[in-house]
4 protein chains.
Amino acid sequence: MGKLKAAVLGATGMVGQIYLQLLSRHPWFELSAVTGKSNVGKKLVEAYRGKGWVPPEYADIEVLPTDPSKVDADVVFSSLPTPVAREVEPKFAEAGLPVVSDASAYRMAPDVPLIVPEINEDHLALIELQKRNRRWDGYIVTTPNCTTVGLVMPLKALHDAFTLRYVNAVSMQAVSGAGYAGVPSIAIMGNIIPYIDGEERKVIEEPRKILGTLKDGNIIPAEVSIDATCTRVPTLYGHLISVTAELERDFTIDRVVDSFSSFKGKPQLLELPTAPSRPIVVLTEDDRPQPRIDVEVGDVKGMSVSVGRIRKGVNERTLLFVTLSHNLIRGAAGIAILTAELLKVGGWLD
Amino acid sequence: MGKLKAAVLGATGMVGQIYLQLLSRHPWFELSAVTGKSNVGKKLVEAYRGKGWVPPEYADIEVLPTDPSKVDADVVFSSLPTPVAREVEPKFAEAGLPVVSDASAYRMAPDVPLIVPEINEDHLALIELQKRNRRWDGYIVTTPNCTTVGLVMPLKALHDAFTLRYVNAVSMQAVSGAGYAGVPSIAIMGNIIPYIDGEERKVIEEPRKILGTLKDGNIIPAEVSIDATCTRVPTLYGHLISVTAELERDFTIDRVVDSFSSFKGKPQLLELPTAPSRPIVVLTEDDRPQPRIDVEVGDVKGMSVSVGRIRKGVNERTLLFVTLSHNLIRGAAGIAILTAELLKVGGWLD
Amino acid sequence: MGKLKAAVLGATGMVGQIYLQLLSRHPWFELSAVTGKSNVGKKLVEAYRGKGWVPPEYADIEVLPTDPSKVDADVVFSSLPTPVAREVEPKFAEAGLPVVSDASAYRMAPDVPLIVPEINEDHLALIELQKRNRRWDGYIVTTPNCTTVGLVMPLKALHDAFTLRYVNAVSMQAVSGAGYAGVPSIAIMGNIIPYIDGEERKVIEEPRKILGTLKDGNIIPAEVSIDATCTRVPTLYGHLISVTAELERDFTIDRVVDSFSSFKGKPQLLELPTAPSRPIVVLTEDDRPQPRIDVEVGDVKGMSVSVGRIRKGVNERTLLFVTLSHNLIRGAAGIAILTAELLKVGGWLD
Amino acid sequence: MGKLKAAVLGATGMVGQIYLQLLSRHPWFELSAVTGKSNVGKKLVEAYRGKGWVPPEYADIEVLPTDPSKVDADVVFSSLPTPVAREVEPKFAEAGLPVVSDASAYRMAPDVPLIVPEINEDHLALIELQKRNRRWDGYIVTTPNCTTVGLVMPLKALHDAFTLRYVNAVSMQAVSGAGYAGVPSIAIMGNIIPYIDGEERKVIEEPRKILGTLKDGNIIPAEVSIDATCTRVPTLYGHLISVTAELERDFTIDRVVDSFSSFKGKPQLLELPTAPSRPIVVLTEDDRPQPRIDVEVGDVKGMSVSVGRIRKGVNERTLLFVTLSHNLIRGAAGIAILTAELLKVGGWLD
């Protein structure tokens, strides 16, 4: 049986590049089309010149306009800029295509699933509702903000074991998270920018939806309060977050480590191709995780979150730790492909 | 009337260098001696070769051993490594010399003042007790850890206005804080190290003493709980801290800004030479303070703390903000010199 | 007598910012107008937000379109992008305005002076010819590429003393040389880009014109062959160049040092406000000049070139050295202002 | 038949780490012992803590003192600091062990081969002479300085095709070349240090020996003059060199590209395990090679040199290009292992 045809919308950015690399060796999907904006009509090898690397077998693929009538696909991955995504993704869904999107445009829409495959694959049930509501033949499924992902995975493990009450997250985010030209070197070399436009709101709201409960076609957000401070630092890949969590129930460090290490979800049970065997890797050395050393930890490069510095705060119910995840893989292209794998197994792709 | 003679112990490190620059243009103090370890017998210009800059008028001063019998001074500044400080500073005090120390060796000793000149100059009264206790003719006064300083100054303003209950600090510290050879480039370029040995304990304990109350010869620590996570990032100068503070009383952002902007202490009243007119500078742009841009803000270079991103958390009594201070000036040599200015005005130096 | 009115075209870029800082404290010129493109109609403080610092007295100046009919000035400084400069600068000259331009558009035009004030102020005589040729009331004077400047100043000293035959220059250029958004952080952090579009041709051609001789209204280029390799490295300010020079005449290192140290020109004789007393500063330590340490060496910040590592090659007539200059000051805004000072003294500004 | 036992002297530094990684998957050699200095008695996993990664199967190996009586091996790799190497390597050779050394101590000794396996494996014949001269049962073979290697490989191709007359090399070297603690972050972040102690002499002398001819037990150095300027820049891995070469014979760019691309040696003919199929990879994009992108180019990670920007100078016989090589692999551990593979095939190891 042949592979499913996969299109990538917005294929010529930082995340697009990762999609191509992951798809080039994927057992279930094969690249059928790429779209762009300023590069329409060019070959991929030209569109990437000076900016990145394209797998040789894709070098001559032509960049198409982002238009459903031009794109032949069984599943569509979108890493479009949010304003474009807002306008274009519904057109693809209307045209009957399943869209898995990294863009933030529809993440918080009540009938759109916001998926971390290990956490809330049951939310995919919203797809039916969405198709009815919007009279679409296709649909949109979204993945979270790249900082949210590395936060919400350990939070899920803690919430299940100890019930979260309050979370305070301070992120130190890599420049690649802002896209190829997103952070000028003059702005960030030897510097920290303690603000990323729009980011904190996403990190505060998205985990509540992801950890929420699907009931009668609605997602009831988890009752956990979150404060977030997002900063940009001069690292290349990997968002590191210092997390403080107030827990409802008593805990020991050993039990926290255990809840992280044993954290698994449907993708591990199903042994999906892009699923790491350990979604959360606990590092025990004092000075880890470090972005340059640990960002690709685990058996599926860039798909595991690494966690370290696990310790109690002054208050008995306060837990402190540091978490690191690959913003372009687990935080974008990788999680979208893992989500598409779930969709395939669930019969949502034909 | 002549200037007071000032000696610098451990003069050939990162902080020692700043002492020399500040003393070279100081109206009250003049450099009388420098001590070192591996550079004993060398001229300063040689000791600094390839590592830093020495004011020309000090180029030919010879580095002495760190021995009170060799040092002629009215006041002694110590930036010795902690183990050396532990052993040597008492010898200088015993020999009748006033020691102002950046080292952590005696900061938490009950009879040793730990001073931020704008906050707790009244703690200098411990000096008399210390001299009696230890039968010293001289004494030791200490200044806080370089990260503590940038944290405790805005905390003092908040504590006075709204009473602190809990503080959570996540620091992103510059490489210069670890000394000239402290952080190998291979370890930190494009990386974050989420741990600094011994640092968090200092950031947790020292503010409680500094904000504490002197009563019957004892310092009653302030009743504020602190959690801290200290990280090293690839910046050169300036420690940035993301702070979450739970306050006892209601507040508005305007009143918080006002408490920061109007924060002043004895050094400002006395118009001490190294006192900035505004110890805390509030920056209102969304993306500030930034280390490379703001570390020298204010009228006395490196002596003001800059604060930004002031906002409420999800909880009404939670305040979030970011603070930045120059780790070598306000965090070390500058605060020590400002402390010595207080000592002089208070009659503690003859 | 009042100051001369100075306008800055393209005032909202990296170089524009330096113009404002230099003009804000200039004894002869005062800022009368600024122009831009995307920021037209905004106040300077808004145009610079998040990108730089504007002297407070200029904060409320409105950005005008780059149109001679809107600009009131006695002299116009242009840091326009080259394609815009090509089109717009002649309009200002035609409208009667003296234009001093950092742009490359007209540098190599036969009737346009390409000036390094210490080297070839006599080339300003071309202005008369240019005005006649082009029937302009105003005129265009240009300054060299930011890498050319740091190279040609020591070359001039060598050429006068020993006659140059061949020069090989390998540059390591700071990111600020490409403008605020010119080099994405993802492209350059921990990296070297061994190519800068169009740069090498400029470094090869411009010195021959600058070192050339004005004869009968023509500049006869100096007979020196140049090879150049231009690279971008992760530094912020200061272009460093490793230079190999083959000389016609015998030399000793002492005499080379002497020719550099004693190098002076008209600006020094005239004691112009922006003239450093020593245009070339020789550093004798083995490991200098270094961009972060030496880029502002000398008595006029950023206007001196520093030179070090002066030594012989395997061949007796080959000289090796390293040169460093501030790309935004000596390489752009500073040299243009120094040139305007020459123009004023020479009676070319009314 | 079993693998040969390989010991690594100085195993706990930057290069030592690479040896372990390369040996952990080597088909012919297996790690039998590691030695160090400050870490003697520790397990490797402890010696590397906070500084690097050790293959799990080696984690519990104990670090021995660098003493031939303690070391069981068929071949010894040395990445000792030069002064230690000078003293210790002869003791290992005397004790009957073949030593392949990255250290510079004996590189220029007349009876010690200085080997680049693709260039001068015939120089290994010096081993017999050396053993006789020094009455050793073992012997010392050396590999070049890490900057020399990336330079001399393209030089060899050019020398064979067009005969070299003069070479000018300007290097931009990564911080890892100086060892783990070799370059403090405060010294190099955002900076360039235009000097590396002792490096230029090595880059000037070593190629002449490597390209030289063995005749009657002597190496007649190649008659090529070299000038070198070595600089340290803020990159992690990969030394980039801008090269200017004056050639004896006419050339075209096509023929130069061809001479590079077709460059091969004994290791390729013998298909040695660590031999890349293309020792020199020519990159045709304008802005390559770049350290972060190209340092691992080719089929054996870190073993190919990449070359780009190939062009003529002003003079017809002058060739300009840029070369990049991995300083820890092709420049140290990898070349030593490839050399040992040659030794094995040549019957020099039993």
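The values are calculated or read from the model by the stated rules, or taken from the named source; none is laboratory data. Nothing here was measured: the structure is a model prediction, and the numbers come from that model. Here the Cβ is made from the backbone with ideal geometry for all residues, glycine too, and neighbour counts use every protein chain on show. Ligands, DNA and RNA are stripped out before the accessible areas are found, and what is left, the full protein with its side chains, is counted by its heavy atoms. Shrake-Rupley method; radii C 1.70, N 1.55, O 1.52, S 1.80 Å.
Computed values, structure above
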{"quantity": "Only one of B:Thr163, B:Thr142 that is hydroxyl-bearing (Ser, Thr, Tyr), under 20 Å from the mean Cα position of the chain (by Cα) and over 30 Å from D:Ala181 (Cα atoms)", "calculated": "B:Thr142"}
{"quantity": "Hey, B:Leu338 touching a Pro at 6+ places or on another chain (Cβ under 7 Å) and outside the structural domain of B:Glu223 (by TED's automatic domain parsing) or not", "calculated": "yes"}
{"quantity": "Which listed residue is within 14 Å of chain D (Cβ to nearest Cβ), among the aliphatic types (A, V, I, L, M) and open to solvent by less than 10 Å² (accessible area, probe 1.4 Å), from C:Leu324, C:Leu338", "calculated": "C:Leu324"}
{"quantity": "Segment B:77-103, residues that are open to solvent by 20 Å² or more (accessible area, probe 1.4 Å), farther than 17 Å from B:Arg330 by Cβ and in contact with a strand residue (DSSP E or B) (Cβ under 9 Å, 6 or more places away or on another chain)", "calculated": "B:Val84, B:Pro90"}
{"quantity": "Among (1) within 20 Å of B:Ile204 (Cα to Cα); (2) open to solvent by less than 40 Å² (accessible area, probe 1.4 Å) - the single one B:Trp136 does not satisfy", "calculated": "(1)"}
{"quantity": "Residues being in contact (Cβ under 8 Å) with a residue 24 or more places away in the chain and within 21 Å of the chain's Cα centre (by Cα) - total across segment D:18-51", "calculated": "16"}
{"quantity": "Filter result for the condition that a residue is under 26 Å from B:Met189 (Cβ atoms), among the acidic types (Asp, Glu) and more than 17 Å from the chain's Cα centre (by Cα), over D:Asp287, D:Asp258", "calculated": "D:Asp287"}
{"quantity": "Which numbered condition D:Glu246 fails, given (1) more than 11 Å from chain C (Cβ to nearest Cβ); (2) over 30 Å from D:Ser24 (Cα atoms); (3) open to solvent by 10 Å² or more (accessible area, probe 1.4 Å)", "calculated": "(1)"}
{"quantity": "Where A:Leu272 falls short, out of the listed (1) at pLDDT 95 or above; (2) in contact with a Gly (Cβ under 8 Å, 6 or more places away or on another chain)", "calculated": "(2)"}
{"quantity": "Options B:Thr274, B:Thr284: the member that is in a loop (DSSP other than H, G, I, E, B), within 14 Å of chain A (Cβ to nearest Cβ) and not hydrophobic (A, V, I, L, M, F, W, C)", "calculated": "B:Thr284"}
{"quantity": "Selected residue (criterion: farthest from C:His159 (Cα to Cα)) from residues of segment C:104-126 that are open to solvent by 20 Å² or more (accessible area, probe 1.4 Å) and touching a residue at least 60 places away in the same chain (Cβ under 8 Å)", "calculated": "C:Ser104"}
{"quantity": "Criterion violated by A:Pro291 - all others in (1) away from every other protein chain (no Cβ under 11 Å); (2) over 17 Å from A:Lys156 (Cβ atoms); (3) buried (at least 24 other Cβ atoms within 10 Å of the Cβ) satisfied", "calculated": "(1)"}
{"quantity": "Selected residue [under 25 Å from C:Glu200 (Cα atoms) and either open to solvent by 10 Å² or more (accessible area, probe 1.4 Å) or in contact (Cβ under 8 Å) with a residue 12 or more places away in the chain (or both)] from D:Val256, D:Val345, D:Val297", "calculated": "D:Val256"}
{"quantity": "Test result for D:Pro273, touching a residue at least 40 places away in the same chain (Cβ under 8 Å), buried (at least 20 other Cβ atoms within 10 Å of the Cβ) and over 26 Å from C:Arg317 (Cβ atoms)", "calculated": "no"}
{"quantity": "Test for D:Lys156: is it in the same structural domain as D:Phe263 (by TED's automatic domain parsing) and touching a Pro at 6+ places or on another chain (Cβ under 9 Å)", "calculated": "yes"}
{"quantity": "Subset of segment B:43-54 [open to solvent by 80 Å² or more (accessible area, probe 1.4 Å) and away from chain C (no Cβ under 14 Å)]", "calculated": "B:Lys43"}
{"quantity": "Single residue of segment D:209-226 satisfying the filter (surrounded by 21 or more Cβ atoms within 10 Å (Cβ to Cβ) and under 20 Å from the mean Cα position of the chain (by Cα)) that is nearest to C:Asn168 (Cα to Cα)", "calculated": "D:Ile226"}
{"quantity": "Segment A:222-239 residues that are over 30 Å from C:Thr235 (Cα atoms), paired with ones that are aromatic (Phe, Trp, Tyr) (beta carbon under 8 Å, 6 or more apart)", "calculated": "A:Val224/A:Tyr166; A:Ser225/A:Tyr166; A:Ile226/A:Tyr166; A:Asp227/A:Tyr166"}
{"quantity": "Boolean, A:Leu129 is open to solvent by 10 Å² or more (accessible area, probe 1.4 Å), among the aliphatic types (A, V, I, L, M) and part of a helix (DSSP H, G or I)", "calculated": "yes"}
{"quantity": "Residue identified as in contact with a helix residue (DSSP H, G or I) (Cβ under 6 Å, 6 or more places away or on another chain) and not assigned by TED's automatic domain parsing to the domain that holds C:Ile310 among C:Ile186, C:Ile140", "calculated": "C:Ile140"}
{"quantity": "Which listed residue is within 12 Å of chain C (Cβ to nearest Cβ), over 23 Å from D:Gln290 (Cα atoms) and either among the β-branched types (Val, Ile, Thr) or in contact with a Cys (Cβ under 6 Å, 6 or more places away or on another chain) (or both), from D:Ile241, D:Ile204", "calculated": "D:Ile204"}
{"quantity": "Residue list for segment A:79-97, restricted to those being in contact (Cβ under 8 Å) with a residue 40 or more places away in the chain and more than 21 Å from the chain's Cα centre (by Cα)", "calculated": "A:Glu94, A:Ala95, A:Gly96"}
{"quantity": "Some residue of segment A:192-205 being of a type in the set (Ser, Thr, Tyr), at pLDDT 95 or above and open to solvent by less than 30 Å² (accessible area, probe 1.4 Å)", "calculated": "no"}
{"quantity": "Residues located in segment C:161-201, provided they are polar (S, T, N, Q), in contact with a strand residue (DSSP E or B) (Cβ under 7 Å, 6 or more places away or on another chain) and more than 10 Å from chain D (Cβ to nearest Cβ)", "calculated": "C:Thr163, C:Gln173, C:Ser185"}
{"quantity": "Exclusive hit being open to solvent by 10 Å² or more (accessible area, probe 1.4 Å), closer than 25 Å to D:Glu199 by Cα and outside the structural domain of D:Ile18 (by TED's automatic domain parsing), set D:Arg317, D:Arg309", "calculated": "D:Arg309"}
{"quantity": "Listing of strands (runs of 3 or more DSSP E) fully contained in segment A:1-104 that carry 3 or more residues being closer than 24 Å to A:Trp136 by Cβ", "calculated": "A:4-9, A:29-36, A:75-78, A:98-101"}
